[in-house]
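The values are calculated or read from the model by the stated rules, or taken from the named source; none is laboratory data. Quick caveat, the model's predicted, so the values are computed rather than measured. We place every Cβ from the backbone using ideal geometry, glycine too, and count neighbours over all the protein chains shown.
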Amino acid sequence: MNTPQNTQVNMFSEMKDKALFEQVKSYAFAYADEAADRNIFPTKDALQGLSGFVEKLPDKGTEADKVLEMLHRLGSPATVNQIGGRYYGFVNGSSVPAGLAAKWLADFWDQNAALEVMSPLVSQLETVVEAWLRELLHLPERTVAGFVSGTTMAIFCALSAARYRILQRQGWDLKAKGMYGAPRIRIVAGKQTHSSVLRSIVSLGFGKDNIEWVEVDEQGRILPDEIPPLDDKTILLLQAGEVNSGAFDPFEEICTKAKESGAWIHVDGAFGLWAGAVDAFQDLTQGMALANSWSVDAHKTLNTPYDCGIVLCEDKEALISSLQASGAYLVYGEKRDGMLYTPSMSRRSRIIELWAVIKYLGKAGIEEMILGLHERSRQFAEELQAQGFQVLNEVVFNQVIVACDSDTLTEETLKNVQDLRECWCGGSQWFGRMVIRISVCSWATTAEDVSRSVASFVKARKLAQVTI
Ligand SMILES: *Cc1c(COP(=O)(O)O)cnc(C)c1O
C-alpha cells in the first residue's frame, strides 16, 4: 500500500540507491548513440504509441522504475530527433554536451534563481555571464541582462522597459495609473517582423492596428528611407536575423538617425544577435549596439538546452522598474537578485548551462561554432542549386530559402522530405511563393549530414514529379 509514510520511505531509498538515475542514464546514452542515424521525425507507429499515455488519473502510484520504463518505451521513439544533426526546422538548436551535462548536475541542485538569498551560486553566475555577454556582443558597458525562458519573454521584458521609459519621460506614472488615459506610444516595425514580437505588442496593450509598418527589401530588411519620422514617443523594432532569410536590418544607417530622435530601439536577434560575437560578421551587426534593448536565445545559435533566452537592456532602471510591483517580504541581497530583471519570481537556474557552454567554448569556440553553421548552410545552398533547386535568399548567416520550379512541386517535395524522415524542414511563404526553409542551427550538423539531406531532397522531388 502506498500510504504517505511509505511513499516518503520509498523516495528516500530511491535517492539513496540511485538505480533510477542509472536506469535513465542508460536510456539517455542509448538515445544519444542512435541519434546520428535515427529517423528525424517520429515514425507513424511511434506516434500511434503515444496513445499509450492516455489513461484515467491513476488512483494508485506506480513503481518508479516502471514509470521511467514507460516514458522511455513510449516517449523515446516519439521524440523529434533534434540532436542528430539533420533537423533544420524553425530555428532549433541542439545541445552542446558540456551544457547538457551541466544541466544534469543543476537538476540535482534544484536551485531557485529568484533571489541571491535563495541561490548565491546563481546570483554569481548571472553576474559573470552578464558581463561576458556585454563583451561578446559589444554592447554598452551599462547593459544588464535578464535570464528568461526564451526570446518571446525577452521581447516582452524589453518592450515593457521601453513603455515604462517613454511614459516616464512624459511624466506619466505607469505603475500607478496603468495604460488608462496614458499618452500614446508609436510602434514602428518592418513588414517581416517576427510573430513573437506581435505577441508582446498585443499583451502590453499597444494594439496591432497601431503598428506603423515599414516596407522591406527582397531579403526582408527594413528600407531605411521608408521609416517614418521618429520621435521620443516611438518604439522602433529592428531585426538581427529575419526568420526565413536570416537577413539583418541595416543597423548603422537606421540607428544613428533613430537615436537622435530619442526613439527607443529594440533589436530582436533571437538567433542572429550571436553574429555580434563573430569578427567575420561585423558588417552585419555594425551599429546594433546603438539600440536600447536586445532579445536573444541561447537555445538557438549558442546550442544550450531549451528554455534559455536573454533580455539585454542598456536602461537598467527602466527594465527593473517596469517589471516590479515589489513586496515587503522580499529580501534583496547586496549582490544580484535575478528576479528583478524578469517578470518571474521562481525560476529555473538556466544560467548554469549557459555559463557552462560559454566557459567550455570560449570566444574562439563560439566563433568557430557559428562560422560552422554558416559554412554548412552555404554548402546546403550550393549543393541544392547544383541539383536544380532555386535558392531565393542571400545566405548571409544560417538560413536558406529553397523553392522548386512551381509552388505545387515545392509543396509536394517538402511533404516527401518530411515523410522520408532523413531530415526535417518546414515550409513558409516568401513574397507570395511557397518555399522550404532550412535553418542550420545545430553544432552536430556535419558536411556529410548536409549531403545526405540534399540527396533526400532530390529523392523527394523525384517522387513528387511522379505524382503531380
Ligand atoms: C525563435 C524566434 C523568436 C521567438 O523565440 P522563442 O525562444 O521561441 O520565444 C523571436 N524572433 C525570432 C527572429 C526568432 O527566430
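With surrounded by fewer than 18 Cβ atoms within 10 Å (Cβ to Cβ) and of a type in the set (Phe, Trp, Tyr) as the only criterion, which of Tyr332, Tyr341 stands out?
Result: Tyr332 is the single residue among Tyr332, Tyr341 that is surrounded by fewer than 18 Cβ atoms within 10 Å (Cβ to Cβ) and of a type in the set (Phe, Trp, Tyr).
Do you know which of the residues in segment 228-246 that are part of a loop (DSSP other than H, G, I, E, B) and of a type in the set (A, V, I, L, M) is farthest from the ligand (Cβ to nearest atom)?
Leu230
For segment 119-135, which positions are surrounded by fewer than 20 Cβ atoms within 10 Å (Cβ to Cβ) and over 15 Å from Cys313 (Cβ atoms)?
If the condition is that a residue be surrounded by fewer than 20 Cβ atoms within 10 Å (Cβ to Cβ) and over 15 Å from Cys313 (Cβ atoms), then Pro120, Leu121, Gln124, Thr127, Val128, Trp132, Glu135 are the ones that fit.
Residue by residue through segment 253-290, note down the ones that are among the small types (Gly, Ala, Ser), assigned to a loop (DSSP other than H, G, I, E, B) and under 20 Å from the mean Cα position of the chain (by Cα).
Result: Gly269, Ala270.
Just to be sure I understand, how many residues within segment 188-208 are within 16 Å of the ligand (Cβ to nearest atom) and part of a strand (DSSP E or B)?
As a first pass, look at segment 188-208 and keep what is within 16 Å of the ligand (Cβ to nearest atom): 189-204.
From what's left, part of a strand (DSSP E or B): 189-190.
So the count comes out to 2.
Do we find a residue being over 15 Å from Ser76 (Cα atoms) and out of contact with any helix residue (DSSP H, G or I) (no Cβ under 9 Å at 6 or more places or on another chain) anywhere in segment 28-49?
no
Could you list, in sequence order, all residues of segment 321-342 that are among the β-branched types (Val, Ile, Thr) and at pLDDT below 95?
Residue satisfying the conditions is Val331 alone.
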